[in-house]
Protein chains: 2
Amino acid sequence: MTATEPARPPALTQVRLHDAFWSPRLEANRAHTLPALYAKLQEVGALDAYDLPEYAKKGITIPKTHHVTPQMWWDSDVAKWIEAASASLVTHPDAALDAQIDDVVERIAGAQQPDGYLNTYFTAIEPGKKLTNERDWHELYNAGHLIEAAVTHHQATGKTSLLDVVERYARFLAGVYGTGPGQRPGYPGHEEIELALLRLYHVTGRREHLDFARYFLNQRGALPNYFETEALARGDDPRDFWAGTYEYMQAHVPVREQTQVVGHAVRAMYLYAAMADLAAADGDAALRAACERLWADLTRHSLYVTGGLGPSASNEGMTRPYDLPNDTAYAETCASVGLAFWARRMAALTGDGAYADVMERALYNTVLSGVSLSGDAFLYENPLESDGTHRRWAWHACPCCPPNLARILASLGEYVYAVSAREVTVNLYASSTLRTDVAGHRLTLTQEGAYPWRGDIHLSVELDAPATFTVRLRIPSWAQGATLTVNGEAVDATPQQGYAVVTREWRSGDRLDLTLPLVPRRTYAHPAVRQDAGLVALEYGPLVYCAEGLDQDADLHALSLPRGLALSARFDPELLGGVTIIEGDAVADTVGGDDLYSAAPPSTHPTRLTAIPYAVWDNREPTPMRVWLRETVR
Amino acid sequence: MTATEPARPPALTQVRLHDAFWSPRLEANRAHTLPALYAKLQEVGALDAYDLPEYAKKGITIPKTHHVTPQMWWDSDVAKWIEAASASLVTHPDAALDAQIDDVVERIAGAQQPDGYLNTYFTAIEPGKKLTNERDWHELYNAGHLIEAAVTHHQATGKTSLLDVVERYARFLAGVYGTGPGQRPGYPGHEEIELALLRLYHVTGRREHLDFARYFLNQRGALPNYFETEALARGDDPRDFWAGTYEYMQAHVPVREQTQVVGHAVRAMYLYAAMADLAAADGDAALRAACERLWADLTRHSLYVTGGLGPSASNEGMTRPYDLPNDTAYAETCASVGLAFWARRMAALTGDGAYADVMERALYNTVLSGVSLSGDAFLYENPLESDGTHRRWAWHACPCCPPNLARILASLGEYVYAVSAREVTVNLYASSTLRTDVAGHRLTLTQEGAYPWRGDIHLSVELDAPATFTVRLRIPSWAQGATLTVNGEAVDATPQQGYAVVTREWRSGDRLDLTLPLVPRRTYAHPAVRQDAGLVALEYGPLVYCAEGLDQDADLHALSLPRGLALSARFDPELLGGVTIIEGDAVADTVGGDDLYSAAPPSTHPTRLTAIPYAVWDNREPTPMRVWLRETVR
């Protein structure tokens, strides 16, 4: 039996995590990331920007590049902070933070214009340019993040103070954009508002927001291209578009005709997330098919093993199939956050665990690597090889990633479970409690385990009365030989669309015990990937591993793993907050004479390899790092 | 017995080449490169620039980057064309070309100012900025190239029309720059004039030019740094120097204190060439020691196997020891031309064949790869790996390399031989005739062979009378088991400082027969070179080989050479004008399923490798290329 209707994530308030792996990261997010972000937003002036006339008088501007300035998307950074902080309130009530959010919300509300428009930059700094360059200037992107912030703020606190503001703003925008008389047939240059409007629809139930999201998605890529029309209206030559192609923002053809993941990676992920959500809401088969085609393209041709994507810095995005450079990988943190958004929606839409596998890969690897264990240093790019000079930073000229990380971590519960009328799906394994309604009854599902270090996972059921429904437990594609018992009796764990499926009458006290065999695995890239030829990656459960120089006796590039040699895993409670490391025998080229070139190959000597999870790299002193390691065929 | 005095290159008129390998390249240079360069210089306006007032009226300017425009170094491009064209007249008299040169020389002379100053840009376009920014604006660099042009023009034609002009200009500059009263303690931002002045000294015998060259070399890097003084005089903040460090132009410390090759690679090579030449002229041991230190640094840490150098595009130069990226290698053609300049002078200064080995490596590989077989398409960067998109072009915004190639090829004879009072040194093996004086007698030395395809080299002696002198034949360091006979009788060929040395009374009809064993060789990089770990390069004689995709059945990155397996060499008269190819059995990863990542390593299948000389890569349709190939240890 498979999913019969699109599942939805549980409400934030329905999940509580108490997990040895995630909880310290979430605590660092709450205790360190959130205050650090607020301080930075204050420092750069993003919060003061809401004091519109006063702010404009200060004459503060930031140098532009590519006809943009980071000030143009300050609203989105503030919004993401609100979203993250609000989600944090659910798991960690904090009156001071609640008041701080209220204060920011009040300032935002105060900056809303009489007609509903709300954007600090185009009200205070360049009011004359309002709504004239959606291609480059991110107004709808900012609006989207404000809407997402409002939805989460409402979900977390029950308050409508920001929700009311964004609904007014959404209605203003719905008046501006559309195909009706006097409207502009536009859509965002940087997608975001589409998925935000769908969230707004889900939380308010108001179909106007669903309709507006559907309009944006349907209009995208229509001819004549809106960004040409808009450029001509500005008096610009559309051929002067700096990115050179509307593939950059996935506006080259209508979305249902798109077959290849192209352009800016974050934009692509946000767009596809919205497409998947709309396909579910509308039962739109063509849109679902487009999502599935794009997914196949990404996962077969362009996804890093770490769940990163978008190898190129020049377009912050995609290049060619099988082009996966390691040391120059851009692989923006936000792109992997966006991939988790999309994957969660695809899993919900299709009921297929393969999507949740990729969601897990993104979350446990490139999303987590984006923030230090301490919670106050961030990666924008996530290379798979570093000479030791690629480090986390405290802030960035374009600080999109830190608050994006903060909001996805604070709302992790939405990724652990999914629910529909008669099904509960467990997508991630993390000690937690889910309280939800299923089959007309109140269910409390408690999950315990030490994943990803250990593969035994225990779930217990509490119900107000016996009830018949389905529990779906994801069996990751890498888990060979998973076993499952219900109340101690073995049941069939053969994956159906990636899930062990148990439908029965459940009673309080029922217990599921799942075992996912966890062993170090060797992973090889498709032979068409030039950059990984002759190399091997190591994985353990959902985690991709890397070698850091300071754990080895040899240079990383000099080190080679003999194929077939056993690797062992060992939990080290002292290392990096407690991680399972992978160890194995290796050989290393021996540094000998002075000659730069020689007729004799380097001699080798035995050495040991120690690998750590990629998620926690660059949390010690600067040192080289590699995910893909040389392998010697014996 | 080793060299007892610094050798000098023969005059251009003393060497005639008739070599199956080089002569077609030199003929392409003469027949195609020279006219193509002239046409381009005319097309961009570089020749018209000498019509100073008229040109200025046209208002032609080219957009600047980094405070410079290519117009600022047009004079050098014209000069290099004169130099190349003049040298070509020696081997291929051509009245039309001679007249064309005279015409350009006349225009140059006409642009010389009453005080001797001569620079089109700072006379016609921005006269107010004359002599104000030697750090960035290349005035002394242009002067250097004019001087070199004049020297070669004079050597080739006996004319003094340009020589007179540049001597006046040199005297003007010697009045401006110096440590005397009213003089500026400056020196070039882009070195070139130093080696040019030394050439001017050698051809004129006037010590004033030697003294001026010595001044420039001694002053370089003195405190306070001249470029700071100069910036302050302009009203600029010296800290705003875009390159950030005077290492960029090797002006960070005095030249005798320099220990590491740093900064812009071409500048470094031109500087060191001048240092070696001055060390020879002055018998300056400290300067020679600096040259030897810098040479050891380059050849032990930073020289590509192809004789390229300067891996980084950002400074067109050096980075860190052992940093030798292949696909992003900048390795500017001009840098390898400059390396040949330096190496020739080091070989002459020290009598050590190790320098000529590197000179040969540069000439046969990265210098030759800089120009197509057809002579009309050029490489600026010379990567050691390409995905097929790195192609030669017909011109460049900064067209320094094509005329640099043209002049070094046209003057190749200077690299084949070196002469001193009682010694003749054969540094390169190429069918040719040298006519020179040695030990007070007239010698004609004729060399015959099919190098680099075959290793048997035959030299015959013709003398006006029997004479005792030394013949030194370079035994390349890769040549194991070289043998030598004189008049059919074996003589000791054990290299002394890299040369087989024969001192005897020579008579007309004497014959030397040298055999250098030529076999395909495998070459490995030092284990500290991250980018070459696990890889092997193939060489044959002086040639480095590469694999081009169109010669293989498998993708280049999928292909691996089993270590120890025999490789064979075969001359293919039809391929690329006739080249020896290297062939061998190889294995290739088999492209199988759709999965981007897999637990199973790729299976392999047997295949064949065909490698061609790097010197002739990218002379067919676009195709990937690699020098460093994967090697499998069996």
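The values are calculated or read from the model by the stated rules, or taken from the named source; none is laboratory data. Note that the structure is predicted; figures quoted are calculated from it, not measured. Every residue, glycine among them, receives a Cβ derived from its backbone with ideal geometry; neighbour counts consider all protein chains shown.
Just a few scattered comments:
- The single condition from (1) more than 14 Å from chain A (Cβ to nearest Cβ); (2) touching a strand residue (DSSP E or B) at 6+ places or on another chain (Cβ under 7 Å); (3) closer than 24 Å to residue B:527 by Cβ that residue B:335 fails is (3).
- Among the numbered conditions (1) touching a Cys at 6+ places or on another chain (Cβ under 7 Å); (2) part of a loop (DSSP other than H, G, I, E, B), the only one that residue B:595 does not meet is (1).
- Any hit, the stretch A:615-624, residues being within 13 Å of chain B (Cβ to nearest Cβ) and under 28 Å from the mean Cα position of the chain (by Cα): yes
Rundown of residues vs (1) at pLDDT 90 or above; (2) buried (at least 16 other Cβ atoms within 10 Å of the Cβ); (3) among the small types (Gly, Ala, Ser), yes/no style:
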| site | (1), (2), (3) |
| --- | --- |
| A:11 | yes, yes, yes |
| A:14 | yes, yes, no |
| A:19 | yes, yes, no |
| A:24 | yes, no, no |
| A:35 | yes, no, no |
| A:46 | yes, yes, yes |
| A:52 | no, yes, no |
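- Filtering the stretch A:93-107 to residues that are under 26 Å from the mean Cα position of the chain (by Cα) and exposed (fewer than 13 other Cβ atoms within 10 Å of the Cβ) leaves only A:93.
- Residues in the stretch A:468-481 that are in contact with a strand residue (DSSP E or B) (Cβ under 7 Å, 6 or more places away or on another chain) and either free of Cβ contacts under 8 Å to residues at least 12 places away in the same chain or surrounded by fewer than 19 Cβ atoms within 10 Å (Cβ to Cβ) (or both): A:468 only.
- Qualifying residue in the stretch B:521-537 (condition: farther than 30 Å from residue A:631 by Cα and within 14 Å of chain A (Cβ to nearest Cβ)): no
- Strands (runs of 3 or more DSSP E) contained in the stretch A:391-488 and holding at least 3 residues of a type in the set (A, V, I, L, M) and at pLDDT 95 or above: A:456-463, A:467-474
- Looking only at the stretch B:294-325, and only at residues there that are among the aliphatic types (A, V, I, L, M) and outside any strand (DSSP E or B), the one that is nearest to the other protein chains (Cβ to nearest Cβ): B:305
- Search result, residues across the stretch B:595-613 that are touching a strand residue (DSSP E or B) at 6+ places or on another chain (Cβ under 8 Å) and within 14 Å of another protein chain (Cβ to nearest Cβ): B:596, B:597, B:598, B:599, B:600, B:601, B:602, B:603, B:604, B:605, B:607
- Residue A:58 meets the stated requirement of being over 24 Å from residue A:190 (Cα atoms) and surrounded by fewer than 16 Cβ atoms within 10 Å (Cβ to Cβ).
- Selection within the stretch B:317-355 - among the hydrophobic types (A, V, I, L, M, F, W, C), within 17 Å of residue B:275 (Cα to Cα) and under 13 Å from the mean Cα position of the chain (by Cα): B:335, B:337, B:339, B:340, B:341, B:342, B:343
- The single condition among (1) farther than 24 Å from residue A:188 by Cβ; (2) under 18 Å from the mean Cα position of the chain (by Cα) that residue A:36 does not meet is (2).
- Considering B:174, B:243, B:222, the condition of being over 15 Å from residue B:118 (Cβ atoms), of a type in the set (Gly, Ala, Ser) and modelled with pLDDT of 95 or more is satisfied by B:222 alone.
- Residue match in the stretch B:263-274 (condition: surrounded by fewer than 17 Cβ atoms within 10 Å (Cβ to Cβ), in a loop (DSSP other than H, G, I, E, B) and at pLDDT 95 or above): no
- Single match in A:197, A:217, A:173 (criterion: in the same structural domain as residue A:101 (by TED's automatic domain parsing) and more than 18 Å from residue A:266 (Cα to Cα)): A:173
- The single residue among B:491, B:501 that is in contact (Cβ under 8 Å) with a residue 60 or more places away in the chain and among the β-branched types (Val, Ile, Thr) turns out to be B:501.
- Residues that are closer than 25 Å to residue B:12 by Cα, of a type in the set (Asp, Glu) and either under 25 Å from the mean Cα position of the chain (by Cα) or at pLDDT below 95 (or both) occur at least once in the stretch B:193-215.
- Only one entry in A:536, A:501 is closer than 30 Å to residue A:484 by Cβ, under 29 Å from the mean Cα position of the chain (by Cα) and modelled with pLDDT of 95 or more, namely A:501.
- Test result for residue B:496, at pLDDT 95 or above and over 30 Å from residue B:267 (Cα atoms): yes
- Annotation for the stretch A:246-268: at least one member residue is of a type in the set (Phe, Trp, Tyr) and farther than 29 Å from residue A:368 by Cβ.
- Scope the stretch A:557-572; condition outside any helix (DSSP H, G or I), out of contact with any strand residue (DSSP E or B) (no Cβ under 6 Å at 6 or more places or on another chain) and either touching a residue at least 60 places away in the same chain (Cβ under 8 Å) or at the interface with chain B (Cβ under 9 Å from one of its Cβ atoms) (or both); matching residues: A:564
- Scanning the stretch B:573-594 for residues that are of a type in the set (Val, Ile, Thr) and within 8 Å of chain A (Cβ to nearest Cβ) turns up B:590, B:591.
- Of the residues making up the stretch A:625-634, those that are at the interface with chain B (Cβ under 8 Å from one of its Cβ atoms) and under 15 Å from residue A:581 (Cα atoms) number 0.
- Candidates A:197, A:163, A:140, A:217 - the one that is over 22 Å from residue A:243 (Cβ atoms) and in contact with a Phe, Trp or Tyr (Cβ under 9 Å, 6 or more places away or on another chain): A:197
- Residue among A:547, A:554 that is within 14 Å of another protein chain (Cβ to nearest Cβ) and either part of a strand (DSSP E or B) or under 29 Å from the mean Cα position of the chain (by Cα) (or both): A:547
- Within the stretch B:214-230, considering residues that are of a type in the set (D, E, K, R) and buried (at least 21 other Cβ atoms within 10 Å of the Cβ), the one nearest to residue B:281 (Cα to Cα): B:214
- Verdict on residue A:163 being closer than 21 Å to residue A:45 by Cα, assigned to a helix (DSSP H, G or I) and in the same structural domain as residue A:217 (by TED's automatic domain parsing): no
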